[in-house]
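Presented below is the structure to which this report refers.
The values are calculated or read from the model by the stated rules, or taken from the named source; none is laboratory data. Because the structure is predicted, anything quoted here is derived from the model rather than measured. Methodologically, a virtual Cβ is constructed for each residue, glycine included, from the backbone with ideal geometry; neighbour enumeration extends over all protein chains shown.
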Amino acid sequence: MKIAVVFGTRPEIIKLSPIVRALNKKGQDFFVIHTNQHYDKNMDEIFLEELELPKAKYNLNIGSGTHANMTGRMLIEVEKILLSEKPDLLIVQGDTNTVLSVSLAASKLHIKVAHIEAGLRSYTKIPEETNRVLTDRISDFCFTPTELQKEILTGEGIDSENIFVVGNTIVDAVIENLKIAENKVKTLEKFDLEPNKYFLVTAHREENVDNQTKAEDILKAISDIQKKHDVKIIFPTHPRTKKQFENFELKLPENIIFTPPLGYLDMLILMKNAKLILTDSGGIQEEACILETPCLTMREATERPESIKVGGNTIVGTDYDKIIEEAEKMLNKKITWYNPFGDGTSAEKIVDILVQN
Ligand code: UD1
Ligand code: UDP
């Protein structure tokens, strides 16, 4: 069986790295296509290096654009490769424009599609929801993190024979890389931080940072939280966010440490040692839960309700008062942790299932 593994953005590279490792271990015939939806060194290359991924056989050099522009160009470019390489199976992960485009191209060429992290739903009208709903619909293998997504998919009419509950490969990635990070990087020293004496913030979602009021509310809330709680706050800033802060001419609070996006090893250390994480990232909600760091999610809804159920995550939106209030509550709450996202063997399970079928 010949397999194409496709990624394009930071979280896909991270969450597919255990799959690449498992394919290598099992001696499977596979090649990598990188759409390069993300292309800055610290959104792309740094992860390929840190996670020791093989060089992509094909790079589509797609870069940025409007949704239709990116999706259309990826469809056209990936089809050419699929026609010449004729893989039997395509593996994608998550809910980005990369995922939808390449799955659509493969599906119409009768190439089987395996969708990792299938069945997540926020039930909000955001681009990622469109991408995941459509990708699940055309996938031959839907690999879900928990039973919840299996229920969702069967409820949507997806054949249960095509659904496999395997956990989330992010657990594999955290386990594989945390020890390496602890031995290799000196992140806290680099930013003059002490364990449990700082908060970590990230925000990049289109529905947040492309909206001036929401972007302003987030900045004001974190600045005031810093003053209130006598902690440092570090904010590795996604390029979309940086661009939008500049477009809106927002004054960045001086009491926040803004950094360019960080590598995965630095990020693991920051997440593990933070007293609190405030984020709108999907992956970071999961990692916070896995690493037992309390989290506030600055979105109106989450497609990862498992971490809320555990008690370690709360939805706060971008409302100033709510962020301040819930930060206080979360810091005073006793949380009994368990990790709902699997035991770190998801990648092996996925590859075994694909090989057997
Ligand atoms: C994309 C995904 C989102 C995911 C996120 C992970 C879609 C629809 N969105 O959002 O689900 O959570 O990746 O980070 O696929 N930019 C750069 N350099 C880069 C990449 C982006 O400067 O290397 C800037 C460009 O101005 C670009 C903007 O960021 O227009 C947005 O990039 P894009 O890939 O469209 O969406 P993300 O916000 O990164
Ligand atoms: N991440 C990172 N450096 C950063 C910010 C995030 O390595 O500066 C990692 C993070 O730990 C997680 C992934 O990138 O594994 C999440 O990516 P992002 O928040 O961009 O996307 P999402 O998960 O929301 O789709």
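Filtered by the rule that a residue be closer than 23 Å to residue 309 by Cα and either surrounded by fewer than 19 Cβ atoms within 10 Å (Cβ to Cβ) or of a type in the set (Gly, Ala, Ser) (or both), the range 134-147 gives a lone residue, 147. When the range 331-349 is filtered for residues that are outside any loop (DSSP other than H, G, I, E, B) and in contact with a Pro (Cβ under 9 Å, 6 or more places away or on another chain), the ones remaining, listed by number, are 331, 346, 347, 348.
Which helices (runs of 4 or more DSSP H) does the range 199-274 wholly contain that include 2 or more residues that are aliphatic (A, V, I, L, M) and within 16 Å of ligand 1 (Cβ to nearest atom)? Steps first, please.
Values: elements: 206-209, 212-229, 239-247, 264-273.
By residue number, 212-229, 264-273.
The rows are residues; the columns are (1) more than 17 Å from the chain's Cα centre (by Cα); (2) assigned to a helix (DSSP H, G or I).
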| residue | (1), (2) |
| --- | --- |
| 114 | yes, no |
| 143 | no, no |
| 153 | yes, yes |
| 158 | yes, no |
| 172 | no, yes |
| 179 | yes, yes |
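Quick check on the range 230-243. Is at least one of its residues out of contact with any helix residue (DSSP H, G or I) (no Cβ under 7 Å at 6 or more places or on another chain), at pLDDT 95 or above and surrounded by fewer than 16 Cβ atoms within 10 Å (Cβ to Cβ)? Yes, there is a match, as at least one residue in the range 230-243 is out of contact with any helix residue (DSSP H, G or I) (no Cβ under 7 Å at 6 or more places or on another chain), at pLDDT 95 or above and surrounded by fewer than 16 Cβ atoms within 10 Å (Cβ to Cβ). Restricting attention to the range 214-228, which residues are surrounded by fewer than 16 Cβ atoms within 10 Å (Cβ to Cβ) and touching a residue at least 40 places away in the same chain (Cβ under 8 Å)? Answer for the range 214-228, where residues must be surrounded by fewer than 16 Cβ atoms within 10 Å (Cβ to Cβ) and touching a residue at least 40 places away in the same chain (Cβ under 8 Å): 220, 228.
Residues in the range 65-105 that are within 16 Å of ligand 2 (Cβ to nearest atom) and not in a helix (DSSP H, G or I) were compared, and the one that is surrounded by the most Cβ atoms within 10 Å (Cβ to Cβ) is 92.
From the list 170, 116, pick out the single residue that is hydrophobic (A, V, I, L, M, F, W, C), in contact with a Lys or Arg (Cβ under 6 Å, 6 or more places away or on another chain) and within 15 Å of ligand 2 (Cβ to nearest atom). Outline the logic, then answer.
On the way: 116 fails: in contact with a Lys or Arg (Cβ under 6 Å, 6 or more places away or on another chain).
When all the criteria are applied, what remains is 170.
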